[in-house]
Structures are given as structure tokens and as C-alpha cells.
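Written out below as C-alpha cells is the structure these notes cover.
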Amino acid sequence: KAGVTQTPRYLIKTRGQQVTLSCSPISGHRSVSWYQQTPGQGLQFLFEYFSETQRNKGNFPGRFSGRQFSNSRSEMNVSTLELGDSALYLCASSWASGLSTDTQYFGPGTRLTVL
Amino acid sequence: QKEVEQNSGPLSVPEGAIASLNCTYSDRGSQSFFWYRQYSGKSPELIMFIYSNGDKEDGRFTAQLNKASQYVSLLIRDSQPSDSATYLCAVPYNNAGNMLTFGGGTRLMVKP
């Protein structure tokens with residue numbers, strides 16, 4: 001079974017631009033979560049989508065948004081990029097069983113560099 | 001807000017030794033705990049999860065959970081140089097498995 005895929009793998013943008021990242025979950029997984037990883041802040045939860053609806057949201061500004069399509073694929077968008085947005089953006093998918101043991105599997109990530 | 005704490009390390013152990021990685025959490029209501037391994041430049045990879053007090057074994061890995069003391073640990077037996085990585089402890093927020101709060105990770109170095 002194919003794993004979580006993310007595109008693009010690397011991205012370089014300049015301040016003020018916007019960017020869209022894409023994630024395809026493992027087949028059958030209904031939940032997609034996004035995380036940001038930086039050396040200073042570690043891994044931080046951005047938001048989670050389930051059935052095309054944002055179900056949970058982390059503590060990030062409104063410049064960060066996302067959506068999920070009917071086939072469970074998800075995109076996240078960052079508008080008006082800032083230098084501090086440089087990070088590894090990780091997508092994770094799960095069955096969304098509703099149990100606390102619901103396991104998330106991560107994609108390879110998108111490395112975003114903002115110049 | 002839930003907090004998950006880990007010693008950043010590096011934890012250095014010789015090849016063949018037991019590596020012990022610890023994690024403490026703040027929310028007494030937390031029910032399940034995940035350990036991920038992350039190699040440099042790669043994404044986190046699930047090692048195992050545990051939700052019952054006591055030990056859970058999977059190959060060379062053993063997770064230990066003590067809810068009364070609010071800590072979870074990961075033991076790696078017969079450590080190999082290929083185990084050198086950062087190990088991340090994660091706790092579901094609101095016990096919803098789709099939102100994880102991560103510790104800062106412990107960097108493990110296994111020396112040949």
C-alpha cells in the first residue's frame with residue numbers, strides 16, 4: 001500500500017508570496033493533519049481535516065489555511081509568507097477511528113524556504 | 001495546554017547497550033502515547049504506541065507507561081548504529097488521535 005505523498009518536496013519563495021502544498025493520504029484514510037517543524041519550535045500541529053471539514057486547529061495565524069477534497073487529498077496554503085515560515089511542513093493521515101489510539105502516518109514533508 | 005517534555009540529549013550509548021529514552025507529560029487525562037523515530041532530514045516514522053500501564057514490547061523496542069507518575073519511556077535493546085536518530089514522544093490532544101502534541105525529541109547516538 002502506498003504511503004502518504006506530498007508535493008512538492010522542496011520549495012523556495014520570497015517574502016510576501018503565497019504557497020500551496022499538497023498531500024495525498026494513504027488509501028482509505030479519512031483524516032489528514034498538517035504539522036510545521038522548525039529547529040526552534042519543534043513539531044507543531046497546524047490543523048486537521050476530516051470529511052472535507054476542518055475539525056481541529058492549532059495556534060497559527062489566519063495566513064495558514066487548508067482544505068480537503070472529496071477523495072481525502074488535502075492542500076494547505078500560506079499567504080503573505082514571512083521568513084519565519086521557513087520550515088518542514090509535514091502531512092499525516094489516519095483512519096480517523098475516533099479512538100485515542102488512532103495512528104498517524106507521516107509523509108516525507110515539504111521543505112519550504114522563504115527568502 | 002498539554003505539555004510533553006523530553007531531554008534533548010544527545011544520549012550516547014555504545015553499540016549493543018540498552019538505550020533508555022524518557023518523556024513526561026502534563027495532562028493526567030492523557031490515555032495514549034506514541035513514539036516516533038526521525039532520522040536527520042526525514043519525516044517521523046511510527047515505532048509504537050502504548051495506552052495501558054506497564055510494558056509493551058515490539059522486537060527490540062519496549063515502551064513503558066506509568067500514568068501515576070506521568071511518564072512514558074522507550075527502551076531500545078541491543079542498540080545499533082542505525083538506531084541513531086531523534087526520538088519523539090507524542091500525546092493526542094483531547095485524546096483525539098488526529099492532533100498530536102510532540103515533545104522536543106531526544107537525539108540518540110549509538111557508537112560502534
Verdict on B:ASN94 being free of Cβ contacts under 8 Å to residues at least 24 places away in the same chain and within 16 Å of the chain's Cα centre (by Cα): no
Inter-residue pairs, beta-carbon under 9 Å, first farther than 29 Å from B:ILE50 by Cα and in the range A:99-114, second assigned to a loop (DSSP other than H, G, I, E, B) and of a type in the set (Asp, Glu), 6+ apart: A:VAL114/A:GLU82
Residue count, the range B:81-100 (criterion: more than 12 Å from chain A (Cβ to nearest Cβ) and touching a strand residue (DSSP E or B) at 6+ places or on another chain (Cβ under 6 Å)): 5
Top-ranked residue of the range A:8-31 - restricted to ones that are modelled with pLDDT of 95 or more and within 14 Å of chain B (Cβ to nearest Cβ), ranked as most open to solvent (accessible area, probe 1.4 Å): A:TYR10
Search result, residues across the range A:40-77 that are in a loop (DSSP other than H, G, I, E, B), crowded, with 17+ Cβ neighbours inside 10 Å and of a type in the set (S, T, N, Q): A:SER72
Unmet requirement for B:THR62, which otherwise passes all of (1) part of a strand (DSSP E or B); (2) farther than 15 Å from B:GLN6 by Cα; (3) within 14 Å of chain A (Cβ to nearest Cβ): (3)
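The values are calculated or read from the model by the stated rules, or taken from the named source; none is laboratory data. As the structure is a prediction and not an experimental result, all values here were calculated from the model. Glycine also receives a Cβ, built like all others from the backbone with ideal geometry; neighbour counts cover every protein chain displayed. These accessible areas exclude ligands, DNA and RNA; they are computed on the full protein's heavy atoms, side chains included. Shrake-Rupley method; radii C 1.70, N 1.55, O 1.52, S 1.80 Å.
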